[in-house]
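Heads up: the structure comes next, in structure tokens.
The values are calculated or read from the model by the stated rules, or taken from the named source; none is laboratory data. Everything quoted here is computed from the prediction, not taken from an experiment. Glycine also receives a Cβ, built like all others from the backbone with ideal geometry; neighbour counts cover every protein chain displayed.
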Amino acid sequence: MKKGCRIGIIFSVPILAVLLIKYVVPAYQRFTTGKLLPCIYYATTGYLCPGCGVTRSIYALAKGNILLSLRNNPIVLLIILFLILFYIEILSGLFGKSIKAVPRNKSVICLILGGLMLFYILRNFIGFLAPL
């Protein structure tokens, strides 16, 4: 693939992501009944799974409400942050510089994963951590 084509593809990714979040997600919400799919894990066990609140978090983010998105499920914003950092790495490699924006230290990764696991355990016992 030619370098100009790669640059075009790389720069079109953020534009397509913004268009998807801005127009497709709210359009889908308008055409559905407004009810979200129930969580099978929650219906079976009565406990919140790590994915509970992701759909509501994405809807809140599409509407520009970052705090509500964080409240419903913080993993969505964490994933977006890592995608942005990976994108910066790809862009820097495309222009000849090697920047490592994503932390690759095992202790940082363990700290992030441990914090998420603790959050998902605590959200089942502390009411204000549960998704809205």
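So L67 fits all but one of (1) closer than 13 Å to L132 by Cβ; (2) modelled with pLDDT under 80; what number is the exception?
It is condition (2) that L67 fails.
Residues to consider are S92, S69, S98; find the one that is of a type outside the set (D, E, K, R), loosely packed, with under 12 Cβ neighbours inside 10 Å and under 25 Å from A17 (Cα atoms). Even if it seems obvious, please write down each step before you answer.
Details: S92 fails: loosely packed, with under 12 Cβ neighbours inside 10 Å; S69 fails: loosely packed, with under 12 Cβ neighbours inside 10 Å.
Exactly one residue qualifies, and that residue is S98.
Could you tell me whether R104 is among the charged types (D, E, K, R) and either modelled with pLDDT under 80 or in a loop (DSSP other than H, G, I, E, B) (or both)?
yes
Does the stretch 2-23 contain any residue that is at pLDDT below 85, out of contact with any strand residue (DSSP E or B) (no Cβ under 9 Å at 6 or more places or on another chain), on the phi < 0 side of the Ramachandran plot and not in a helix (DSSP H, G or I)? Break it down into steps so the answer makes sense when it comes.
We begin by selecting, within the stretch 2-23, every residue at pLDDT below 85; these are 2-23.
So of that shortlist, the ones also out of contact with any strand residue (DSSP E or B) (no Cβ under 9 Å at 6 or more places or on another chain) come out as 2-23.
Now narrow it down to the ones that are on the phi < 0 side of the Ramachandran plot: 2-23.
Now narrow it down to the ones that are not in a helix (DSSP H, G or I): 2.
Checked against the condition, which is being at pLDDT below 85, out of contact with any strand residue (DSSP E or B) (no Cβ under 9 Å at 6 or more places or on another chain), on the phi < 0 side of the Ramachandran plot and not in a helix (DSSP H, G or I), the stretch 2-23 yields at least one hit.
Can you find, within the stretch 41-92, the residue that is nearest to V13 (Cα to Cα) among those that are of a type in the set (S, T, N, Q), part of a helix (DSSP H, G or I) and in contact (Cβ under 8 Å) with a residue 24 or more places away in the chain? Steps first, please.
First, the residues of the stretch 41-92 that are of a type in the set (S, T, N, Q): 44-45, 55, 57, 65, 69, 72-73, 92.
Next, only the ones that are part of a helix (DSSP H, G or I) stay: 44-45, 55, 57, 69, 72, 92.
Restricting the remaining residues to those that are in contact (Cβ under 8 Å) with a residue 24 or more places away in the chain gives 57, 72.
Working: S57: 21, N72: 26 Å.
Result: S57.
With the condition kept exactly as written, say whether any residue in the stretch 103-118 is surrounded by 14 or more Cβ atoms within 10 Å (Cβ to Cβ), under 27 Å from Y42 (Cβ atoms) and in contact (Cβ under 8 Å) with a residue 40 or more places away in the chain.
Filtering the stretch 103-118 down to residues surrounded by 14 or more Cβ atoms within 10 Å (Cβ to Cβ) leaves 116.
Checking the rest, the ones that are also under 27 Å from Y42 (Cβ atoms) come to 116.
Within this subset, residues satisfying the condition of being in contact (Cβ under 8 Å) with a residue 40 or more places away in the chain are 116.
Scanning the stretch 103-118 turns up at least one residue that is surrounded by 14 or more Cβ atoms within 10 Å (Cβ to Cβ), under 27 Å from Y42 (Cβ atoms) and in contact (Cβ under 8 Å) with a residue 40 or more places away in the chain.
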